[in-house]
Structures are given as C-alpha cells and as structure tokens.
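The values are calculated or read from the model by the stated rules, or taken from the named source; none is laboratory data. Being a predicted model, the structure only gives us computed values, none of them experimental. Cβ: placed from backbone, ideal geometry, glycine included. Neighbour counts: every protein chain shown.
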Amino acid sequence: MRAGLLWGLLGVLAFSFTVPFTRIALGGFPPLFIGAGRAVVAAALAAAALALTRQALPDRRQWARLAIVAGGVVAGFPLLTSFALTTASATHGAVVIALLPAATAVIAVLRARERPARSFWVFAGLGAVAAVLFAAVHSGGFGGLHWSDLLLFGAVLAAAIGYAEGGMLSRELGSWQTVSWALVLAAPLMIVLTAISVMQQPPSATPVEWAAFGYLAAVSMFLGFFAWYRGLAIGPMSRVSQIQLVQPVLTILWAALLLGEPLTWQTLVGGAAVILCAGLAVRSRLDPKRLLRGGP
C-alpha cells in the first residue's frame, strides 16, 4: 500500500505544476499552441514507448473508448485550461479544478452503475456549489462570472470523463498504455491544430517559457500519468485516488512562489471548502452496507 501511495503522490506532484507552468508558457505562446502542441510532443514520446515495448493494437471497441479518453484528457482539459488561464489566475484555476476528484467519482459511479450512499451525492453537490460560489465571489458576483470560469468547469468535466473511462480501460490495456494510445489517436487532430496556431501566430518565447512548455508536454501530458496510474494500479485505488485532493493545495503554493500571486482569505476559504467537500464525496462514494450485502 505504501508503494501505491508514494507513486500516486509522485503523480500528483507532477500534475500540480501544470496550471502555474501553463500561465508561464502563455507569456510566449498562444493558448491553442500550448493546448495542442504539448499533445503532439507527448504523442511522439508515447508512440516511441509503444513501439519499443511492442504493444499489441487495441481492438475496435477499445479504440472507441480510447476516443473518449483522448477527448477528455488529451484535447479537452489541456485546450480548455490553456484558454481559461489567459485571463484567470493560476490560484483561481486551482480552486475550481479542485472539483476534479469528486467529479471523477460522479462520472465513475454513473459509468459503472454503482449505487453510492446518499451522502456521496450531498457532498458532491456541495462541492459543486462551493466551486461556483468561489468563482462568483472571485469574479465580483454571479453577474461577473467570466467565460474563463465556464471553460474551467468544462475542463473539469472533460478530465473527469477521461479519467473515469481511462481508469476502466486501463484494466484491459494497462495504465500507461491507455494514455499512450489515447495520445496517438488524438495526434492527427492535435498536429493540425498546432499547425494552424503556428501559421496564425508563430511562437515567440523565452527559454523559461520554452522550458515551461517542455514540462507540460513531457511531464504533465505523459510521464506524470506513468506515476499516477502505477499508483492506482498498486492500490488500494480508493485511498490512492484521494491523494489528488492535495493537488490544488500544491498548485496554489506554486502559484504564490513562482508567479507571486497573493493568497487571499477568499482563496483559502474557497479552496478549503471545495477540497473538504470533494474529499468527503470520494470517501463516501460507496455505501458500505450495500457492499456487505453484495449488491451492485
């Protein structure tokens, strides 16, 4: 169990830099290039890994499910967050994205047709309300909600769908193989989008901004999943998955240290509320009484 927790923590640590480094990269790259270009680089690494290890091709049914994973974590989340962070701060994004563990649990419950306890739905709903309230307060009221908030909520939904489907598919294909095949599947579209971005606005970045982009491509989009999914595979999955609740806390810390973003009381209270509700939702995902009865 300790090994699973350590691998899971390593994955979360890798992902926690994604939002701050996206903000840094935006100084020299357009959001479309960041969202699509990092997937192109990661796809090249994934194709090399699949070829070197001589992985068998997925079947037709698995390709369809890989398309869902690719749409969620390869295209949806990176593109939506890249555009959202052109105006939203890294701290603001981290608090909204803190909904991801609970959102993933909700999608997994619906996808696997589980029967969770009522408390699961209560806490998941409270977490969503807390995130919306935080976004509204941070934006100056409900009338001041920005399009970036909608993009962030869309990114959470996309990633939750991709995580849930990918988690189930990894039982058949393997953990890192699932992410790698999803990257390869999405590569043609990502290459086209990257080319369009370069033609519209050629990158003009500093070495620091290139380094941030390199991290997003090699670690956030590829290597981070190796550690994260290995931790989930070692398990127990129910405990390892909860480590993701640490991610927004780390992201807010990196935003303060790397970007100089202030830590306001609204951020601290909002972040604590979202993380608490998400944690309670994940912990109460399954009704122990139903499990003891052997029900679905």
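Residues checked against (1) free of Cβ contacts under 8 Å to residues at least 24 places away in the same chain; (2) surrounded by fewer than 20 Cβ atoms within 10 Å (Cβ to Cβ); (3) small (Gly, Ala, Ser); (4) farther than 17 Å from PRO101 by Cβ:
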{"site": "ARG2", "(1), (2), (3), (4)": "yes, yes, no, yes"}
{"site": "LEU6", "(1), (2), (3), (4)": "no, yes, no, yes"}
{"site": "ARG23", "(1), (2), (3), (4)": "no, no, no, yes"}
{"site": "LEU26", "(1), (2), (3), (4)": "no, no, no, yes"}
{"site": "PHE29", "(1), (2), (3), (4)": "no, no, no, yes"}
Query raised in the report: Do we find a residue being touching a Ser or Thr at 6+ places or on another chain (Cβ under 9 Å), within 17 Å of GLN177 (Cβ to Cβ) and part of a helix (DSSP H, G or I) anywhere in the range 85-97?
Result: no
Report task. Output the qualifying pairs, or none if there are none: Cβ atoms under 6 angstrom, residues six or more apart or on different chains, first residue in the range 246-275 and without any contact (Cβ under 8 Å) to a residue 60 or more places away in the chain, second residue exposed (fewer than 14 other Cβ atoms within 10 Å of the Cβ) and in a helix (DSSP H, G or I). Result -> none
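Per-residue answers, yes or no, for (1) within 20 Å of the chain's Cα centre (by Cα); (2) surrounded by 19 or more Cβ atoms within 10 Å (Cβ to Cβ); (3) not basic (Lys, Arg):
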| residue | (1), (2), (3) |
| --- | --- |
| ALA90 | yes, yes, yes |
| ALA94 | yes, yes, yes |
| LEU99 | yes, yes, yes |
| ALA102 | yes, yes, yes |
| LEU110 | yes, no, yes |
| ALA117 | no, no, yes |
| VAL122 | no, no, yes |
| LEU126 | no, no, yes |
| ALA130 | yes, yes, yes |
**Report entry** Qualifying positions in the range 199-217 - buried (at least 16 other Cβ atoms within 10 Å of the Cβ) and either assigned to a helix (DSSP H, G or I) or free of Cβ contacts under 8 Å to residues at least 12 places away in the same chain (or both)
**Finding:** GLU209, ALA212, PHE213, TYR215, LEU216, ALA217
Query raised in the report: Of everything in the range 222-272 that's among the polar types (S, T, N, Q) and at pLDDT below 80, which residue is surrounded by the fewest Cβ atoms within 10 Å (Cβ to Cβ)?
Result: THR264
Query raised in the report: Residue check, LEU66 against (1) surrounded by fewer than 24 Cβ atoms within 10 Å (Cβ to Cβ); (2) within 19 Å of MET168 (Cβ to Cβ), all met but one. Which one?
Result: (1)
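Quick check on the range 59-81. Is at least one of its residues in a loop (DSSP other than H, G, I, E, B) and at pLDDT 80 or above?
Yes - at least one qualifying residue is present in the range 59-81.
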Report summary line: Taking the range 126-157 and keeping residues among the small types (Gly, Ala, Ser), at pLDDT 80 or above and within 12 Å of LEU99 (Cα to Cα) leaves GLY154, ALA155
Report summary line: The residue that is modelled with the lowest pLDDT, considering only those in the range 98-125 that are closer than 30 Å to GLY260 by Cβ and assigned to a loop (DSSP other than H, G, I, E, B), is ALA98
